[in-house]
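Working notes, beginning with the structure itself.
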Amino acid sequence: MTTRASTTDQAIRLTQYAAGGGCACKVPPGELERVLSGLGRGRASGDLLVGLDHGDDAAAVRIDPAPDGTGRAVIATADFFTPVVDDAYAFGRIAATNAMSDVWAMGGTPVVAVNLLGWPRDRIPFDVAAEVLRGGDDACTEAGAFLAGGHSIDDPEPKYGLAVTGLADPDKLLRNDAAQVGMPLTLTKPLGLGVLNNRHKATGEWFEAAVAVMTELNRDASRAAVDAGLRAATDVTGFGLLGHLMKMMRASGTTAVIDAAAVPYVDGARTSLADGFVPGGSRRNLDWVRPHLDASVDEDELVLLADAQTSGGLLVVGELPGHPVVGEVVAAGDHAIVVR
C-alpha cells in the first residue's frame, strides 16, 4: 500500500469541508427510487430510448440520422459531488472522469461538457477552485470532449462535476436492461475506492493507486464492448458493485452469480476495511441489496462488494480481453444476486 501526503497545501484539506465525499454521498438507492417513481410518466416517446424506467446511467434520445445514414442518439447526463481527495487538481480530474463515465457506460462518446461548480468563497480561496476546473479541463481534453462554459454558485460545501452530452448508435447502446442468460460478467476496474477514500479523508494519507484508478477513462473498455457486439453494461459508482448489479439484474429479469474470489481490489482496500474505514454509503448499499442477496461469504467481503465507488469501472455483460470475469448471468431465481 503506497501512500504519500496530498499535494494540496495541508492548510487546505478539501475533504474536510464536506460531510461526505465522492459518490459515497449519493442519496441512498431505495430512497432515490421512491422519489423518482412518479416522474417522467405521460411523456414517453419512441425517440426516448432510455429514460427513468430502470435507473440507467444516462438518458438516450434518438435524433436525426448521421450524414452516412447510420442512426444517432444523444446521451445526456450530469454528475457532481463533494471532494473525494484533498488535492484540488486531482479532485477535478476525478469528478470529470466520473461524469463522462455515464456516457461510456451507455456505449456513447462524450462530445461536449459544461462545468457544475459549488464553492464556499468565504472559506476556500477561489484560486483553489481554478485548480479543480483545470483538472476537469484536462480530463475532457484527454477524452476528446469539448469543455465549454457551465454554472457556478456560492455554496457552503465545495462541489464539482459536469453535465455531459454524447452521441451513440441507437442500435448499439449498452443498457442495464439487456443482460442475457449464459453471458459472463466482466469488471474493468478494481473495487475498494470507497474505503481508501474514507481513509484519506480521515487521515490525509494519499493513495496513488486509487487516484490512478479514479482518473482512468472508461473510454477504451466501452469501445471494446460496443465493437464486440455486447449490449448490456453499467458503471460501478456510488451504489457499489452489488447495488448496480442488482439494478441490472432486476431490469433484465435475470440473476447474477458472483465469484467473490475473482473480484479485484485496489492495493490497501482490505487493510483499510479491517482498520474500520468504511463509508456510510457502503453500508447503506449493502442494507438495500441484502433482501435480494444469497451469499456464502463473510460480512467483510459483502461490505467490499457493496463499497461505494467513485469513478469506478464498467460492469459488462460479456467478456472483454484484459479484464477479469467475475461471474455470470443465469436464469432468474429466488434472489437477484448470488455470491459464492
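Listing for the model above:
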| quantity | calculated |
| --- | --- |
| Count of residues meeting criterion [assigned to a loop (DSSP other than H, G, I, E, B) and at pLDDT 95 or above] in the range 59-105 | 6 |
| Test result for GLY312, in a loop (DSSP other than H, G, I, E, B), surrounded by fewer than 22 Cβ atoms within 10 Å (Cβ to Cβ) and touching a residue at least 60 places away in the same chain (Cβ under 8 Å) | no |
| Selection status of HIS292, within 18 Å of ASN176 (Cα to Cα) and assigned by TED's automatic domain parsing to the domain that holds GLU208 | yes |
| Candidates ALA251, ALA260, ALA225, ALA233 - the one that is in contact with a Leu (Cβ under 8 Å, 6 or more places away or on another chain), surrounded by fewer than 22 Cβ atoms within 10 Å (Cβ to Cβ) and touching a residue at least 12 places away in the same chain (Cβ under 8 Å) | ALA260 |
| Scope the range 203-231; condition in a helix (DSSP H, G or I), within 30 Å of LYS172 (Cα to Cα) and among the small types (Gly, Ala, Ser); matching residues | ALA212, ALA221, SER222, ALA224, ALA225 |
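The values are calculated or read from the model by the stated rules, or taken from the named source; none is laboratory data. Everything numeric here is computed off the predicted structure, so don't read it as measured data. We place every Cβ from the backbone using ideal geometry, glycine too, and count neighbours over all the protein chains shown.
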